[in-house]
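Just below is one structure, and these are the notes that go with it.
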């Protein structure tokens, strides 16, 4: 999946939906220590995903963007770029649906990553329903802010 599409997926799911790839750092330079998140954190993030899916299906741009940190940055994408991508989707498709599942949540080197799988479908005039995006086990960095869990991105 190309980088822009993966970033857009992330916005859809909690936008907490799906992922972005981290910076290109040689494997030897990365020492990631991942442990399963406590069940309460996983439950909170699952609820956040459900809320984001509902906001996305309702075409509530502000509601979806509320799940994205003001400091979001990942692979050159910012919250403003996410806004433009979502606006384009809401304009192009007559109806949108997101089906997202939380595969696992991990604490990685002091941060939180949520891994999701899912599919976004959209209805086009004269064409009908098409798959817009699909992913499996993609990570996204999230963090708890005053407004709750929000997408933070792989800062670069």
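Where a number appears in this text, it was derived from the coordinates with a stated rule and is not lab data. On a predicted model such as this, the values are computed, not experimentally measured, just so you know. Don't worry about glycine lacking a Cβ; one is built from the backbone with ideal geometry, like all the others, and counts go over all protein chains shown.
Extending 7 Å from the Cα toward the beta-carbon at both residue 146 and residue 70 defines two label points whose distance is 0.8 nm.
Over all orientations, segment 47-156 has a Cα convex hull whose mean projected area works out to 6.9 square nanometres. If a spin label sat at a point 7 angstrom from the Cα of residue 50 along the line to its beta carbon, the backbone N atoms of segment 62-101 nearer than 17 Å would be those of 98-101.
Annotation: extensible slack from residue 130 through residue 35 equals 30.5 nm (criterion: 0.36 nm per residue apart, minus Cα-Cα distance). Annotation for residue 60 and residue 94: the two label points, set 7 Å from Cα along the Cα-Cβ direction, are 2.4 nm apart. The fewest-to-most ranking of 113, 150, 123, 73 by surrounding Cβ atoms within 10 Å reads 123, 73, 113, 150.
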